[in-house]
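The values are calculated or read from the model by the stated rules, or taken from the named source; none is laboratory data. Quick caveat, the model's predicted, so the values are computed rather than measured. Here the Cβ positions follow ideal geometry from the backbone for every residue, glycine too, while neighbour counts run over all protein chains shown.
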Amino acid sequence: MADGKYETVIGLEVHAQLATRSKMFCGCPTGFGAPPNSQTCPICQGMPGVLPVVNRTAVEYAVRTALAFGLRVNPACRFARKHYYYPDMPKNYQISQYEEPLAEEGALDVEGPDGLRRIGIQRLHLEEDVGKLVHEGDFGTAQSSLVDYNRSGMPLMETVSRPDLRSPEDAAAYLRAFRAVLVALGVCDGNMEEGSLRCDANVSLRPRGATELGVKVEIKNLNSFRNVQRALEFEVKRQSAALDKGERIVQETRLYDADRGATRSMRSKEYAHDYRYFPEPDLVPLKLDRAWIEQQRAAIPELPRARRERFVVQYGLPPSDASLLAQSRALADYCDRAVRVYAQNPKGIVNWITSEVLREVDAADEVAVTNFQIPPENLAGLVKLIDDGTISGKIAKDVFARMLTSGEDAATIVKREGLTQMADPGALGSLVDQAIAGNPKAVADFKAGKTAAAKALVGQVMKASGGKANPAMVDRLVQEKLSRS
Amino acid sequence: MISRQDVEHVARLSRLALNDAELERMREQLSGILAYIDKLRALDTAGVEPTSHAVPLVNVMRDDANRPCLSQDEALANAPDRSGEFFRVPRIIED
């Protein structure tokens, strides 16, 4: 932190809901927003005597993710029962993985203020989600809680980072990069608002220079990039104030309250850590052979970092633009599709994406980018019309606005509306003559050495042409005629 | 013999309320089970891979396809208490 006295040490546990059609161990659908308790069956309700069966696609997605992060996929892994009593879990145990997870030891490269940093990932495992609790009536006076088991049994992939993160910003950057990889892989929709990506953080402080880790506090309920950063900032402040006063940090679980911007202790979880794990007798081990794992590797598409590098090299983009595009699979796809149609000016296309397109849609909203009213091919067409001199950049903005509402391509709009740029020297020349004749003061100023006066004349001509005159040509004609007159 | 505290701890984790006589009986029975495990421990298992299952099966997986769910009413039929579309349980507040 800024005061330099303590070093912040953070590790993140991320739970990602896998984008499968059916749940982890049964055939119930996984759609978000269905009526409560309408997507359950005896298996995800934890009825006695039922038999869970592993969803093959969930395993494939987890293996692809493991490979993308360079994790070692274990030749054999097992499921385990994690026991605790809570009404969100009807079986009184959660099927998870414990001693033999699916994969171990990898890393994610995260871009920070000091360049690229490698953040270790300790393990990746599969488990099932639990139901959702809501409070009946007013929080203060509620007599009961309500349970919706639609989420029970949803496939979750948990990844645990090494305590390699050194600041709240670092943690948020890790989560962004992590999400971008998952979305690029197509294994998770990355929608934090709907809970497809959730995060717990372990945070501790230690005197700068110390090698021993301080006492860690776990923070739960971090469901947006903003909350991750704010909760950690609060917690770092709280812990450093306590250490300054000579207090000891208590190892505990704290809950982030976004409304108050503060974390508070969850006493209820203090005794909850005796989970009595044992191998799940209903599920036999997974032994993934090398050839099958290699098949999964072959299914991995271009990942954000590689894509960013390609954008820099192939399209000549500045690294900041390349990073912005590569963070979003939909945006990067949009860019690639536009450039495929018009490869002469990738930079021009990207400028239109980063300025105009992203004014209309949120870069983080993959669905909105994918469904953007102007298809990438049409944006490419617009840039081409500018480049070949058919329309000016100014007119192009009007055309863009019309494309947004009508869905037509640029050439159709330009043709129908007569927006083609005037580049005929004869016609432009007479407009320039009129402007010179009508503005003797500007001409006199120019002759007196005020070169800026020419700009006023160019403006007059542009206005007279209804914005359609080719600005470069008008500029040249004005200069010529002024120096001759 | 395992201690009375151990039995109380395990009982609490399992949400079992045991009286003194039951605690003592459980202590004896659990101790007997552990003694039997000790007997197994006497076997030479060097070179034997630990196993969690007696069946020689691995990789039992299914296709990612949807199957019919229970209807809402069926799903809620065994609920001890119900409120509209939800299971109702005693108030759970994280504090």
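Tell me which residues, restricted to the range B:59-95, are small (Gly, Ala, Ser) and closer than 20 Å to residue A:41 by Cβ.
B:65, B:71, B:75, B:77, B:79
Return the residues of the range B:46-90 that are of a type in the set (D, E, K, R), surrounded by fewer than 14 Cβ atoms within 10 Å (Cβ to Cβ) and touching a strand residue (DSSP E or B) at 6+ places or on another chain (Cβ under 9 Å); say none if nothing qualifies.
B:63, B:67, B:81 - these are the residues of the range B:46-90 that are of a type in the set (D, E, K, R), surrounded by fewer than 14 Cβ atoms within 10 Å (Cβ to Cβ) and touching a strand residue (DSSP E or B) at 6+ places or on another chain (Cβ under 9 Å).
Yes or no, residue by residue, for (1) touching a Pro at 6+ places or on another chain (Cβ under 8 Å); (2) modelled with pLDDT under 95; (3) crowded, with 16+ Cβ neighbours inside 10 Å:
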{"position": "A:275", "(1), (2), (3)": "no, yes, yes"}
{"position": "A:278", "(1), (2), (3)": "no, yes, no"}
{"position": "A:283", "(1), (2), (3)": "yes, no, yes"}
{"position": "A:286", "(1), (2), (3)": "no, no, yes"}
{"position": "A:295", "(1), (2), (3)": "no, no, no"}
{"position": "A:298", "(1), (2), (3)": "no, no, no"}
{"position": "A:303", "(1), (2), (3)": "no, no, yes"}
{"position": "A:310", "(1), (2), (3)": "no, no, yes"}
{"position": "A:315", "(1), (2), (3)": "yes, yes, yes"}
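Within the bounds of the range A:232-240, is there any residue that is crowded, with 18+ Cβ neighbours inside 10 Å, touching a residue at least 24 places away in the same chain (Cβ under 8 Å), closer than 30 Å to residue A:77 by Cβ and not β-branched (Val, Ile, Thr)?
The answer is no; no qualifying residue exists.
As an exercise: evaluate residue B:43 against (1) surrounded by fewer than 10 Cβ atoms within 10 Å (Cβ to Cβ); (2) within 14 Å of chain A (Cβ to nearest Cβ) and give the number of the one condition it does not meet.
(2)
Quick check: is even one residue across the range A:80-92 charged (D, E, K, R), part of a loop (DSSP other than H, G, I, E, B) and more than 10 Å from every other protein chain (Cβ to nearest Cβ)?
yes
Taking only the range A:365-390 into account, find how many residues are over 27 Å from the mean Cα position of the chain (by Cα) and either in contact (Cβ under 8 Å) with a residue 60 or more places away in the chain or on the phi > 0 side of the Ramachandran plot (or both).
Counting residues in the range A:365-390 that are over 27 Å from the mean Cα position of the chain (by Cα) and either in contact (Cβ under 8 Å) with a residue 60 or more places away in the chain or on the phi > 0 side of the Ramachandran plot (or both) gives 1.
Within the bounds of the range B:8-16, is there any residue that is farther than 30 Å from residue A:62 by Cβ, more than 12 Å from every other protein chain (Cβ to nearest Cβ) and of a type outside the set (D, E, K, R)?
So far as the range B:8-16 goes, yes, one or more of its residues are farther than 30 Å from residue A:62 by Cβ, more than 12 Å from every other protein chain (Cβ to nearest Cβ) and of a type outside the set (D, E, K, R).
Is there any pair linking a residue in the range A:62-74 that is not assigned by TED's automatic domain parsing to the domain that holds residue A:188 to one that is modelled with pLDDT under 95, with Cβ under 9 Å and at least six apart or on different chains, and which?
Here the result reads none, with nothing in the range A:62-74 linked to a residue that is modelled with pLDDT under 95.
I'd like the residue in the range A:32-51 that is within 10 Å of chain B (Cβ to nearest Cβ) and within 30 Å of the chain's Cα centre (by Cα) and, out of all such residues, is surrounded by the fewest Cβ atoms within 10 Å (Cβ to Cβ).
Here the residue is A:35.
Of the residues that sit in the range B:55-91 and are at the interface with chain A (Cβ under 7 Å from one of its Cβ atoms), among the hydrophobic types (A, V, I, L, M, F, W, C) and part of a loop (DSSP other than H, G, I, E, B), which one is farthest from residue A:153 (Cα to Cα)?
By that ranking, first place goes to B:55.
Among the numbered criteria (1) surrounded by fewer than 16 Cβ atoms within 10 Å (Cβ to Cβ); (2) outside any strand (DSSP E or B), which single criterion is violated by residue A:116?
Answer for residue A:116: the failing condition is (2).
Hey, can you tell me all the residues within the range A:133-157 that are more than 10 Å from every other protein chain (Cβ to nearest Cβ) and at pLDDT 80 or above?
Matches in the range A:133-157: A:151, A:152, A:153, A:154, A:156, A:157.
With respect to residue A:21, determine if the residue is surrounded by fewer than 18 Cβ atoms within 10 Å (Cβ to Cβ) and out of contact with any helix residue (DSSP H, G or I) (no Cβ under 6 Å at 6 or more places or on another chain).
It is true that residue A:21 is surrounded by fewer than 18 Cβ atoms within 10 Å (Cβ to Cβ) and out of contact with any helix residue (DSSP H, G or I) (no Cβ under 6 Å at 6 or more places or on another chain).
Would you confirm, using the coordinates I've provided, whether residue A:442 is hydrophobic (A, V, I, L, M, F, W, C), within 30 Å of residue A:350 (Cα to Cα) and not assigned by TED's automatic domain parsing to the domain that holds residue A:375?
Criteria not met by residue A:442.
Picking from B:49, B:24, which residue would you name as being more than 7 Å from every other protein chain (Cβ to nearest Cβ) and more than 24 Å from the chain's Cα centre (by Cα)?
Residue meeting the stated conditions: B:49.
Tell me yes or no: at least one residue of the range A:203-212 is buried (at least 19 other Cβ atoms within 10 Å of the Cβ), among the small types (Gly, Ala, Ser), modelled with pLDDT of 90 or more and farther than 28 Å from residue A:327 by Cβ.
Within the range A:203-212, one or more residues are buried (at least 19 other Cβ atoms within 10 Å of the Cβ), among the small types (Gly, Ala, Ser), modelled with pLDDT of 90 or more and farther than 28 Å from residue A:327 by Cβ.
For residue A:338, are the conditions met, namely being buried (at least 20 other Cβ atoms within 10 Å of the Cβ), assigned to a helix (DSSP H, G or I) and in contact with a Lys or Arg (Cβ under 7 Å, 6 or more places away or on another chain)?
no
Being touching a residue at least 12 places away in the same chain (Cβ under 8 Å), under 23 Å from residue B:86 (Cβ atoms) and out of contact with any Phe, Trp or Tyr (no Cβ under 6 Å at 6 or more places or on another chain) is the requirement here; does residue A:34 meet it?
So residue A:34 passes the test.
Quickly run through the range A:341-354 and pick out the residues that are touching a residue at least 40 places away in the same chain (Cβ under 8 Å) and assigned to a helix (DSSP H, G or I).
Answer for the range A:341-354, where residues must be touching a residue at least 40 places away in the same chain (Cβ under 8 Å) and assigned to a helix (DSSP H, G or I): A:341, A:352.
Considering only residues of the range A:52-79 that are part of a strand (DSSP E or B) and at the interface with chain B (Cβ under 9 Å from one of its Cβ atoms), which is surrounded by the fewest Cβ atoms within 10 Å (Cβ to Cβ)?
Filtering first and then ranking leaves A:76.
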